1. Pick out which of Ala40, Ala97, Ala24 has the largest mean-square fluctuation in a Gaussian network model of the chain, springs linking Cα atoms closer than 10 Å.
2. Ignoring everything but the protein chains, give the 1.4 Å probe accessible area of Thr90 in square angstrom, nearest 10.
3. Within segment 35-64, what residues put their amide N at less than 16 Å from the label point 7 Å along the Cα-to-Cβ vector of Ser27?
4. Would you work out the relative contact order for the chain, in percent, from Cα pairs under 8 angstrom that are 6 or more residues apart?
5. Counting heavy atoms of the protein chains only and a 1.4 Å probe, report the per residue accessible area for segment 1-100 as a whole number of Å².
6. Using the Kirkwood radius built from alpha carbon pairs, what does the Stokes-Einstein equation give as D for the chain at 20 °C and 1.002 mPa s, in µm² per second?
7. If I compute solvent accessible area with a 1.4 Å probe over the protein chains, what percent of it on segment 1-79 is carbon and sulfur?
8. Counting only the heavy atoms of the protein chains, how much of Leu18 is accessible to a 1.4 Å probe, in Å² to the nearest 10?
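The values are calculated or read from the model by the stated rules, or taken from the named source; none is laboratory data. Predicted, not measured: the structure shown is a model, and the values here were computed from it. Please note: Cβ atoms are built from the backbone with ideal geometry, for glycine as well, and neighbour counts cover all protein chains shown. Quick note on the areas: whole protein, heavy atoms, side chains included, nothing else; ligands and nucleic acids left out. Shrake-Rupley method; radii C 1.70, N 1.55, O 1.52, S 1.80 Å.
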Amino acid sequence: QVQLVESGGGLVQPGGSLSLSCAASRSILSVYTMGWYRQAPGKKRELVARISPGGSTNYVDSVKGRFTISGDNAKSSVDLQMNNLKSEDTAVYYCNARHLWYDYWGQGTQVTVDS
């Protein structure tokens, strides 16, 4: 079993920045693909960014050039740096860890972009 704990959400003005962090309860980054997903009210949960054990990254088109995902094996944590935030980035952000049939989720952290 793996527990994931997110932190760093909050309220920010459009154009501002936030950094989210996801801490795993044990060392898994060398095996698991780690991802950040988000779910806005009334919408389906969508993948925002993910990083493979080898360090390859993928982003949804809407955040390319603004968000950066990074992993720290020593800390067993994954960060999501979000810059130039827009109102449409408002959502609950979830951390995910996936490997074969293992699929773990954090409890989510709210990000609100509003002036």
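1. Ala40
2. 40 Å²
3. Counting backbone N atoms under 16 Å from the label point, the list is 53-54.
4. Dividing the mean separation by the residue count of the chain yields 37 percent.
5. Details: 5120 Å² over 100 residues.
That works out to 51 Å² for each residue.
6. On the way: Rh = 14.0 Å.
The Stokes-Einstein estimate is 153 µm²/s.
7. Numbers: 2010 of 4250 Å².
Percent of accessible area from carbon and sulfur atoms in segment 1-79: 47.
8. Leu18 exposes around 30 Å² with every protein chain in place.
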